[in-house]
1. Between B:His237 and C:Ala159, what is the spin-label point distance in nm, taking each point 7 Å from the Cα along the Cα→C-beta axis?
2. Going down the table (A:Lys74/A:Lys192; B:Lys141/C:Lys54; A:Lys74/C:Lys234; B:Lys65/B:Lys174; B:Lys141/B:Lys174), which pairs top 22 Å between alpha carbons?
3. Taking H placed 1.01 Å from N in the peptide plane, check which residues at least 5 places from C:Asp68 or on another chain put their amide H under 5 Å from its amide H.
4. Starting with the highest mean, order A:36-43, C:198-205 by the number of other Cβ atoms within 10 Å, averaged over the residues of each peptide.
5. Is there a quick way to get the dipole size of segment B:57-98? I mean about its Cα centre, with the Cβ of Lys and Arg at +1 and of Asp and Glu at -1; what is the value in debye to the nearest 20?
6. Evaluate the distance, in nm, between pseudo-label points positioned 7 Å from the Cα of A:His203 and of A:Glu189 along their respective Cα→Cβ axes.
7. What's the exposure ranking of B:Met17, C:Met125, C:Met209, going from fewest to most Cβ atoms within 10 Å?
8. If packing is taken as the average count of other Cβ atoms within 10 Å, what order do C:213-221, B:227-235, B:163-171, A:90-98 fall into, highest mean first?
Amino acid sequence: MITISNLSKSFTLHNQGAAVIPVMENAALSVAPGECLGLVGASGSGKSTLMRMIWGNYLAASGSIMVGDVDVAKAAPREIIALRRGTLGYVSQFLRVVPRVPTVDVVADPLLTLGVPVEEARARASALLAKLNIPERLWALSPTTFSGGEQQRVNIARGFVHPYPALLLDEPTASLDAVNREVVLSLIEGAKARGAAIIGIFHDEAARERLCDRLVDVTGFTPRVAA
Amino acid sequence: MASEYNFAYLDEQTKRMIRRAILKGVAIPGYQVPFASREMPMPYGWGTGGVQVTAACLVPEDRLKVIDQGADDTTNAVSIRRFFQRTAGVAVTEATADATVIQTRHRIPETPLTEGQILVYQVPIPEPLRFLEPRETETRKMHELEDYGLMHVKLYEDIARHGQIATAYDYPVKVEGRYVMDPSPIPKFDNPKLARNPAIQLFGAGREQRIYALPPYAEAVSLDFDDYPFTASKADHQCDLCDASGSYLDEVITDDQGSRMYVCSDTDFCRGRREAGHVGRLGGGEAGQ
Amino acid sequence: MKDLDIWTSMKTQPLLSVQGLSKFYGARIGCDAVSFDLYPGEVLGIVGESGSGKSTLLSCLAGHLAPDTGKVIFDTVDGPRDTVVMGEAERRRLARTDWAYVHQNPRDGLRMGVSAGGNVGERLMAVGARHYGDIRAQAVDWLGRVEIAADRIDDRPSAFSGGMQQRLQIARNLVTGPRLVFMDEPTGGLDVSVQARLLDLLRGLVREMGLSAIIVTHDLAVVRLLADRLMVMKGGYVVEQGLTDQVLDDPQHEYTQLLVSSVLQV
């Protein structure tokens, strides 16, 4: 479902003397449907960078990132938009929403974009929020005022409200209590079971053990010239 | 006739210039033709546009009638009539049917006009779109492109505010399916008479320097909404002097107790009916006067 | 080859195709050599500092300014047409049917002397609506969609707050169901809470009506939330364009990097 080959990336910092910083070289990995791949490596080794390149908000210097039929490394913006709409889900660590929009609509948003009728989208969003133990009285409020754990769960709900065939999970269980952690882990297991290809970053080792079929250490993709 | 004036006051070159504008107006019904309006020996607002058009149309054989709000005997009508008697030496009349040229302010005579007659309107503001669009460049562009949605906005505002189209005079018409035209401040009661009229209708705006025209038998449709159709309304009375039920009426307060009477605004029409023996509610004593 | 399949399976006809557009003010560059395609349902953000040419570009696209070179091809009901060379009458017809233009200052986009209902109804009347009751019903519906109470329909915009005026301007523009909306700093001049409400409204309308939109702004937070794609302009040139979050998160051009690093967290 997701196949990366020969991928490299560098940053050019124009405002710091045009310094060119290579951050990745010859990255390659592959994830099949129903498989969960864990990215590991020390902090700063490029786990998040790789994930963002797959999501498309970081540009690849060379190589290819096939998600389904689309090569994210070369695709036109509107192809990536279409990919994100129906195929590729992403649970990031940050919640970015229009202020004032009720939580239930924030979660239903990806479904509305896909053309799901409003009532059905809200119903599916509500069911997921209930499952993630977000109190119903908060659903009509904007998540911007929520605690970190609550925001994290709203983000997860957004990522799981549509059954994306490919999922990127950036620390999905960070800042969650034991009960909610368990809910999230079972959601991820459910996604695997229905055949989603998942790439995740889990600092939570027990979660990593339980979910990941394989681990890839991104340190191996670090350019040697960087030193 | 005082020989020190050129015929009909204006010099021949000026009349030629105005005639060219009139001909262009007749050729493009409803289109406002700019012209170099002259200073006239009367203030703006007293009919300088109409007077110039009349001056350009008059020939020595003409018989001129001048009305103001339908009346031949008001100050403005009398002054303009005298002006042309003095400067052109033409014959004058109060009878609509006898006149070859009729200059009017705010009315169309009740007696149907005929082929060969010319009706000249005095126009204060020729631009029907001015109410909502102050820029002349833009209104000209809107006419050019037939961009007339704004006209209906004005009527919409009327209904929204008053429950009906409250525009009672100056009611805009669409001419020959093309230009939206301001018929000058005639009551909307007169609007149907604009359309398919056998006479030539000329409109002169002196201060705004515009001439426009309706050639004989030109179509002129009053704008409206499907569910608020145009109606040519008038006071729901009969003339108290001549008993006419179909003519436009003026309301006259007759004492401090609120008594009132309704009389035809067209004095020639009213007199004609009374002479023919029609008698209204209060007309007995004056009949045959 | 697989790429080709995707291209043909998606709506391949751009709604708007801009090719080599330039506008000069004497020797000074307004905008130069701008090219891009906009597809149905896409929202394109254009950012840049004052004088970068973004407003000039928008004016050329919307037909308010005549460009010196280039084409602006719009997919009309009769097929793609270059709006630069079409007659003014036809362009104005587009402007009141398929296009909408939301000005930064609502006073520029509203008739301040006309009631809210008349403002919303004008475009309907301009395209031939002649039934007062229907026009009014549509105006009430649209006021509701932009969260203006129906009992304000006969009030003039001068009695409205800035945020309400801007929402009224949006209703007035969208009532005829346009396909392409030009917006010039639509949330500029509004305080932050009002901006948020407007952003949410715009997002909903874009999605429900399948609108395409071109939004000129200097507010990166606004484009992050509204725009699918982003174009960065400087000195009349497009220096960078791409997916909105890609341009903001991984800017390639020197100027974009400066722009992104100069603002607070967006």
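1. Here the answer is 3.5 nm between the modelled labels.
2. Over 22 Å Cα-Cα: A:Lys74/A:Lys192; B:Lys141/C:Lys54; A:Lys74/C:Lys234; B:Lys65/B:Lys174.
3. It is C:Ser22, C:Lys23, C:Phe24, by chain and number.
4. Final packing ranking: C:198-205, A:36-43.
5. Around 180 debye, computed over segment B:57-98.
6. For the pair A:His203/A:Glu189, the computed spacing is 2.5 nm.
7. Fewest-to-most Cβ neighbours within 10 Å comes out as C:Met209, B:Met17, C:Met125.
8. Descending mean neighbour count gives C:213-221, A:90-98, B:163-171, B:227-235.
Each value in this text was obtained by applying a stated rule to the coordinates, not by laboratory testing. Note that the structure is a prediction, hence the values are computed from the model and not measured. Because the Cβ atoms are built from the backbone with ideal geometry, glycine has one as well, and the counts that use them run over all protein chains shown.
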